[in-house]
Structure formats: structure tokens, C-alpha cells
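Trainee: My questions will all concern the structure given below.
The values are calculated or read from the model by the stated rules, or taken from the named source; none is laboratory data. All of these numbers come straight from a predicted model, not from anything done at the bench. A quick note on method: Cβ atoms are made from the backbone with ideal geometry, for glycine too, and the neighbour counts reach across all protein chains shown. These accessible areas exclude ligands, DNA and RNA; they are computed on the full protein's heavy atoms, side chains included. Shrake-Rupley method; radii C 1.70, N 1.55, O 1.52, S 1.80 Å.
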Amino acid sequence: MKIALAFAEKGRGRVRPNPMVGALVVKDGMILGEGAHLEYGGPHAEANALADCRSQGNDPVGAELYVTLEPCSFRSPEKHNGPCTEKIIEAGIRRVIIARPDPNPKVMGRGIAALKKAGIEVVAGVLEEDSAALNEVYEHLISSERPWIHLKVALTLDGFIAAEDGSSKWISGPDSRARVMEMRRDCDAVLVGRGTWEADSPSLTVRDSEGRELPGYQPRKIVFSGRESGGTLFDRLCALRSEGVHSILVEGGSGVFNSFLTEGLWDRLTVFQSPDFLGSGIPFCGSLGIGNIGGKVQLKGRTTEISGRDVVISGTREDMACLQV
Ligand SMILES: NC(=O)c1ccc[n+]([C@@H]2O[C@H](COP(=O)([O-])OP(=O)(O)OC[C@H]3O[C@@H](n4cnc5c(N)ncnc54)[C@H](OP(=O)(O)O)[C@@H]3O)[C@@H](O)[C@H]2O)c1
């Protein structure tokens with residue numbers, strides 16, 4: 001399943017807002033075919049793995065299929081592919097091993113039920129958390145009207161995002177800035193507040209280490225302003241979702257972080273912590289109204305890594321729930 005999850009990564013940035021999925025056809029401990037969902041609207045991972053198996057002259061009859069998400073089992077006018085369950089049954093697969101049941105209400109257990117009904121042995125929940133983490137944007141979009149929100153901040157060791165004069169270039173080091181480019185490429189839009197736009201004139205583009213804009217995909221740029229004109233943040237975000245913005249990387253500054261954190265409108269927070277002090281400056285997010293240590297905001301599913309001279313801490317707001325099917 002670890003290999004199938006690595007294959008799923010091939011669809012990163014290419015299949016959204018659909019899930020990244022990987023699949024392997026295995027017989028007698030040998031991988032006979034491998035596949036991933038590679039393009040939005042393109043064949044699913046299961047179909048690609050079966051096609052790969054046959055193209056090499058291998059027979060999938062009696063084989064096992066490892067797949068990182070429950071195979072789909074429905075047809076609809078908006079859907080480009082027929083049910084993968086039918087392809088698996090027709091191929092004579094003996095056993096299907098699934099990482100994560102599909103949280104999409106149109107599937108959610110129906111794929112597993114269809115396979116079992118056809119006499120196929122099914123094992124579900126193998127590396128389920130890894131699959132859910134891989135598709136955290138998809139998982140969010142299934143159950144929410146707003147885009148997935150990733151807050152990204154560079155902090156000094158004493159918790160400031162900029163010096164007193166508002167300058168913040170560069171708190172994080174070059175390795176961390178390269179990571180931010182990948183984070184931008186992974187999102188539909190990058191958002192900053194009016195304060196940051198005016199203070200830093202950020203390009204908000206995906207660039208190489210020399211500062212050259214990379215060809216290909218660039219996320220949409222959003223500058224937030226007009227807080228006084230009313231409307232809630234949630235409504236603004238839902239309006240962006242209806243325009244096709246499914247994921248947003250929020251890059252600050254302090255006022256914007258405060259808005260998203262106060263209203264609980266975020267899904268992942270990534271902090272690049274530099275080894276420098278300022279003593280005073282602009283705080284990360286200002287007051288969130290937490291008066292007692294018991295009310296502290298805690299990151300779930302936390303990872304801590306070294307990035308050049310910085311420490312990167314990343315985590316989500318919610319725990320991943322295992323799905324019962
Ligand atoms: N280290 C880092 O990671 C990092 C990242 C970004 C920025 N910075 C630094 O942060 C500083 C800027 O921070 P800042 O707090 O002054 O400005 P900011 O957060 O970038 O922008 C604040 C403005 O955003 C708008 N805004 C905030 N919440 C809103 C909401 N809910 N709805 C609509 N509009 C909303 C408001 O614009 P209106 O007043 O027009 O309503 C508000 O005045 C700069 O010094 C910059 O260098 C550091």
C-alpha cells in the first residue's frame with residue numbers, strides 16, 4: 001500500500017479537486033501493473049493499473065488489487081469514467097485491499113459492497129490515515145461549502161512575523177522559501193491582506209531559486225480588503241469556492257491570520273520558525289481572546305522537520321476520523 005500511495009502522488013496538482021489515487025495489481029507477491037489517477041477527468045487509478053498489467057502481457061485473473069481509495073461504483077452525467085468496481089469484477093480480481101473508504105456520499109461503502117456482492121474478498125483500512133492525509137483537500141471539500149484553507153507563516157524565535165517597521169524579508173531561509181513555492185503550486189489561490197500587499201508588494205507567484213517565474217501553473221492572487229464593509233469571512237470564502245477556488249494558501253499578515261483563526265476558518269497551519277530574535281515587532285495573529293492555557297489551539301497530526309536553518313511545524317485543526325463501512 002505504501003507503493004500505491006507513492007504512485008498516487010503522481011496526480012498531485014493535476015487531478016484537483018478530485019482525489020489522488022494509486023493502484024497496484026499484484027499476483028504471487030509480484031507487481032503486475034501499476035497506475036495512478038493522472039489527469040482531472042482521465043482514467044482512474046484502478047483502470048490504469050489493469051491496463052498496465054495487460055499491456056505487459058500479464059493476466060489479472062486471480063490477482064489482488066491494492067488501491068488507496070475505495071473504488072467508485074456509480075455513473076453520473078458529470079462523471080467522466082464508468083464504475084471502477086465493474087472493471088475490477090470483469091478483470092477477475094480475487095481480492096481488493098483498500099486504504100480509505102471514499103467519504104464521498106455517492107460512494108461511501110457502496111464500492112466495497114459491490115465488490116463483495118461479486119464474491120471478491122475486500123480488506124479496508126490499510127494505511128487509512130496516510131490516504132486521508134494525502135487527500136486532505138478532497139476530504140474537506142466533501143463536507144464543507146468553503147475552500148480548504150492552509151495558513152502559512154514565517155516566525156522569528158520570539159514569535160514575530162515582521163520587525164516594528166513592518167519589514168519581514170526574509171525571516172525564513174532559502175530552503176523554506178523553496179518549500180513555499182511548492183505549497184503555492186498545490187493551491188488554487190494565494191491570499192494576503194491589504195496590509196501585506198501594501199507593505200511588501202509580494203509577487204505571490206511560483207518562482208525558482210533565482211526569482212524567475214516558473215512556466216505552467218500559477219495560482220490565482222487574492223488581496224483581502226474591505227473588512228469594514230460587512231459580510232462574514234465565511235460567506236466570502238464560499239463565494240470563492242463557487243468561482244472554482246477549492247484551496248487557498250493564506251500568507252498573512254497579522255490581521256488576516258487573526259480573522260481566519262478567530263473564526264476557526266482554517267484546516268492546516270504551517271509555521272516556518274527561524275533561529276532569529278527581534279525583541280519586538282508585529283505578532284503572528286494578535287489576540288484570539290484565549291484567556292486561559294486550557295483554551296490553547298493545538299495542532300493535530302503534527303509533523304516537525306528541519307528546513308535549512310528553520311524548523312517547520314505543520315498540523316491540522318481536526319483529527320482525521322476513520323470511516324466505518
Ligand atoms: N512573516 C510572515 O510570514 C509574514 C507574512 C505576511 C505578512 N507579513 C508582514 O505582516 C505585516 C502586515 O500585517 P497586517 O496585519 O498589517 O496586514 P494584513 O493582515 O496583511 O492586512 C490587514 C487587512 O486585511 C484586510 N482584512 C483582514 N481580515 C479581513 C476580513 N475578515 N475581511 C476582509 N478584509 C480583511 C483588512 O483590509 P481593509 O483595512 O482594507 O479592510 C485589513 O486591514 C507586514 O509587515 C508584512 O511584512 C509577514
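Trainee: How far, in degrees from 0 to 90, does helix 45-55 lean away from the longest principal axis of the Cα atoms of the chain, to the nearest 10?
Mentor: 50
Trainee: For the charge dipole of the chain, defined by +1 on Lys and Arg C-beta atoms and -1 on Asp and Glu C-beta atoms about the Cα centroid, which residue among Pro60, Ser172, Gly281 has the Cα displaced farthest towards the positive pole?
Mentor: Pro60
Trainee: How long, wide and thick is region 47-174, going by the Cα atoms along their three principal axes, in whole angstroms, largest first?
Mentor: So the extents along the principal axes, rounded to whole Å, are 68, 34, 26.
Trainee: Taking the full set of protein chains and a 1.4 angstrom probe, give the accessible area of Ile3 in square angstrom, rounded to the nearest 10.
Mentor: Using a 1.4 Å probe on the heavy atoms, I get roughly 90 Å².
Trainee: Within region 251-284, list the residues whose amide N lies under 14 Å from a label point set 7 Å along Cα→Cβ of Val297.
Mentor: From region 251-284, the list is 251-272, 283-284.
Trainee: Could you tell me the center-to-center distance, by alpha carbons, between region 133-194 and region 7-72 in angstrom?
Mentor: 32
Trainee: Okay, moving on. For a quick check of understanding: with a 1.4 angstrom probe and all protein chains in place, what accessible area in square angstrom does Ile171 have, to the nearest ten?
Mentor: Ile171 exposes around 20 Å² with every protein chain in place.
Trainee: Any idea what the relative contact order of region 2-138 is, in percent, if you count C-alpha pairs under 8 Å spaced at least 6 apart?
Mentor: Values: 308 pairs, mean separation 28.6, N = 137.
The value is 21 percent.
Trainee: Sticking with this structure for a sec: Which residue, Pro43, Gly244, Leu155, has the largest displacement toward the positive end of the dipole of the chain when charges sit on each Cβ (Lys, Arg +1; Asp, Glu -1)?
Mentor: Ranked along the dipole, the leading option is Pro43.
Trainee: Turning to a different aspect of this structure: Per-residue HN-Hα couplings for region 171-186, Karplus 6.51 cos²θ - 1.76 cosθ + 1.60 at θ = phi - 60°, whole Hz, x for Gly and Pro?
Mentor: After applying 6.51 cos²θ - 1.76 cosθ + 1.60, I find 6, 8, x, x, 5, 5, 5, 5, 5, 4, 4, 5, 5, 5, 5, 7 Hz.
Trainee: Loop sites only, by DSSP: take the chymotrypsin sites (Phe, Trp or Tyr not before Pro) in the chain that have at most 13 other C-beta atoms within 10 Å and name the longest stretch containing none of them. Intermediate values should be presented prior to the final figure.
Mentor: On the way: sites that count: Tyr40, Trp170, Tyr217, Phe277.
The longest such stretch corresponds to 41-169.
Trainee: In degrees, nearest 10, range 0 to 90: what is the angle between the Cα axis of helix 233-242 and the longest Cα principal axis of the chain?
Mentor: Its long axis makes an angle of about 40 degrees.
Trainee: Next question. Which is farthest toward the positive dipole end of the chain among Ala321, Leu214, Ser143, measuring Cα position about the Cα centre, with Cβ charges +1 (Lys, Arg) and -1 (Asp, Glu)?
Mentor: Final value for the positive-end residue is Ser143.
Trainee: Okay, next question. What does the charge add up to near Glu136, with Lys and Arg as +1, Asp and Glu as -1, over the other residues with Cβ less than 10 Å from its Cβ?
Mentor: Every neighbour counted, the sum reads -2.
Trainee: While we're looking at this one, here's another question. Between Ser144 and Phe234, how many nm apart are label points set 7 Å from Cα along the C-beta direction?
Mentor: Going from the Ser144 label point to the Phe234 one covers 1.2 nm.
Trainee: Please state, as a whole number in µm²/s, the translational diffusion coefficient that the Stokes-Einstein equation yields for region 101-172 at 37 °C and 0.692 mPa s, with Rh defined as the Kirkwood radius across alpha carbon pairs.
Mentor: After rounding, the answer is 202 µm²/s.
Trainee: Tell me which GluC sites (Glu not before Pro) from region 30-70 have a DSSP coil assignment and no more than 12 other beta carbons within 10 Å of their own.
Mentor: Glu39
Trainee: With a 1.4 Å probe and all protein chains kept in place, how do Asp208, Asp28 rank by accessible area, largest first?
Mentor: Asp28, Asp208
Trainee: Please report the equivalent ellipsoid semi-axes of region 11-102, computed as sqrt(5 x eigenvalue) of the Cα gyration tensor, largest first, in whole Å.
Mentor: Here the semi-axes work out to 21, 14, 12 Å.
Trainee: Output the Kirkwood hydrodynamic radius of the chain, Cα pairs only, in Å rounded to one decimal.
Mentor: Values: mean 1/r = 0.0464 Å⁻¹.
Mean inverse Cα-Cα distance, inverted, gives 21.5 Å.
Trainee: Placing +1 at every Lys and Arg Cβ and -1 at every Asp and Glu Cβ, with all other atoms neutral, what dipole size does the chain have around its Cα centre, in debye to the nearest 20? If you can, show how the numbers build up before the last one.
Mentor: Values: 38 positive and 43 negative charges, 106 e Å.
Computed about the Cα centre, the dipole is about 520 debye.
Trainee: In addition: Mind scanning Lys169/Lys296; Lys87/Lys116; Lys152/Lys300 and naming the pairs with a C-alpha gap bigger than 18 Å?
Mentor: Lys169/Lys296, as the Cα separations exceed 18 Å there.
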